[in-house]
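Enquirer: Have a look at this one before I ask anything.
The values are calculated or read from the model by the stated rules, or taken from the named source; none is laboratory data. Note that the structure is predicted; figures quoted are calculated from it, not measured. Reconstructed Cβ throughout: ideal geometry from the backbone, glycine too, with neighbour counts over all protein chains shown.
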Amino acid sequence: MSTAFTEPACQPPPPAVQEDSNPAGCVLVAEDDPLYRRALQRFLTRKGYTVQLVSNGLQALADATSPDAPRLLILDWMMPGLPGPEVCRRLRSIPRERYQYILLLTAKHTTADIVEGLEAGADDYLTKPFNIQEFFARVRVGQRMIRLQDRLLAAQEALRFQATHDPLTGIWNRGALFELLRAEAERVQRKATSLSLFLIDLDNFKRMNDEFGHLAGDAILHEVAQRLSAAVRLYDIVGRYGGEEFIVAAAELESERPHQFAERLRLAISSCPIRTSDTSVSVSVSIGVATSDGFVECSIEKLIQIADAALYEAKRKGRNRVEMAHPAA
Ligand SMILES: [Mg+2]
């Protein structure tokens, strides 16, 4: 092969194309020609990239599908093992959450070849020999695409969080809560075990709102949610049912009986006053508990209805207490 790269002799660096302010990141280079391989490594390293080098298609595929694989791949077309387009095809057939940008290097020039490479799943191609400035311009395009995809994923994740969480307290909102409860009810039924549902209502919340204002009321709701979340096991469900009502669901309580568990939740709220921005408020909750044991049907709506009746009893008997529901005869 003659000149592999046309490096500019005395040209200024490309104007106004933003260099990455972030670390350049990791690039996988798959190239069987030692001259190209070394040159690409040198150029990329000089620009701050971490370069992972391989010299055949099979190794490229293995490295590109490893858990911490680089997001930017530069693949030669003609390689032992697997040709670049086949590596692309196989990579694209594996679903991955994080997109990998593929730049194909090829000595092939015909439109049919280029179409074949792109159809195989490459994002871009560059024909050899190439100008090194053009090469880096295309690498930067790849990086922009990767960052764009990362931002999209982050935005999607934020939307997912907003759609499933209560904005005031940060715990599951009513919609997500019911979905989780239904799934949990099905799971415990399958496993023939039990699910305990705790319906928790803040005592005298309206009065606190009137006395201390709605901002203090919001702070109290937020703190109650935090204390409930901190008091349960990692895999228990804590959600806002509505207004000042919360639901906790706990499956397979073994070391604690449901009543003890509920008492622990009650004490987590009442044992220490809640500080708002300008006052300190003693808060208590009443809790109605329903456990799927003994109920023929373990529908969530039924459990909530039974827990609600128990909660009503707790309120009637003076608040700041736990009442257990008893299976219907
Ligand atoms: Mg080759």
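Enquirer: For the stretch 65-77, indicate whether the set of residues that are surrounded by fewer than 16 Cβ atoms within 10 Å (Cβ to Cβ), in the same structural domain as Arg138 (by TED's automatic domain parsing) and among the hydrophobic types (A, V, I, L, M, F, W, C) is non-empty. Quick ask: steps written out before the conclusion?
Expert: First pass over the stretch 65-77, keeping only residues surrounded by fewer than 16 Cβ atoms within 10 Å (Cβ to Cβ): 65-68.
Then drop every residue that is not in the same structural domain as Arg138 (by TED's automatic domain parsing), which leaves 65-68.
From the residues that got through so far, the ones that are among the hydrophobic types (A, V, I, L, M, F, W, C) too are none.
Taking every residue of the stretch 65-77 in turn, none turns out to be surrounded by fewer than 16 Cβ atoms within 10 Å (Cβ to Cβ), in the same structural domain as Arg138 (by TED's automatic domain parsing) and among the hydrophobic types (A, V, I, L, M, F, W, C).
Enquirer: Related question: Identify all residues within the stretch 242-283 that are of a type in the set (S, T, N, Q) and in contact (Cβ under 8 Å) with a residue 60 or more places away in the chain; write none if there are none. Outline the logic, then answer.
Expert: Of the residues in the stretch 242-283, the ones of a type in the set (S, T, N, Q) are 255, 260, 270-271, 276-277, 279-280, 282.
Answer for the stretch 242-283, where residues must be of a type in the set (S, T, N, Q) and in contact (Cβ under 8 Å) with a residue 60 or more places away in the chain: Thr276, Ser277, Thr279.
Enquirer: Taking the condition of being assigned to a helix (DSSP H, G or I) and surrounded by 15 or more Cβ atoms within 10 Å (Cβ to Cβ), how many residues in the stretch 142-180 meet it?
Expert: Looking only at the stretch 142-180, we keep the residues that are assigned to a helix (DSSP H, G or I), and these are 142-164, 174-180.
Narrowing further to those that are surrounded by 15 or more Cβ atoms within 10 Å (Cβ to Cβ): 142-143, 145-146, 149, 164, 176-178, 180.
Matching residues across the stretch 142-180 total 10.
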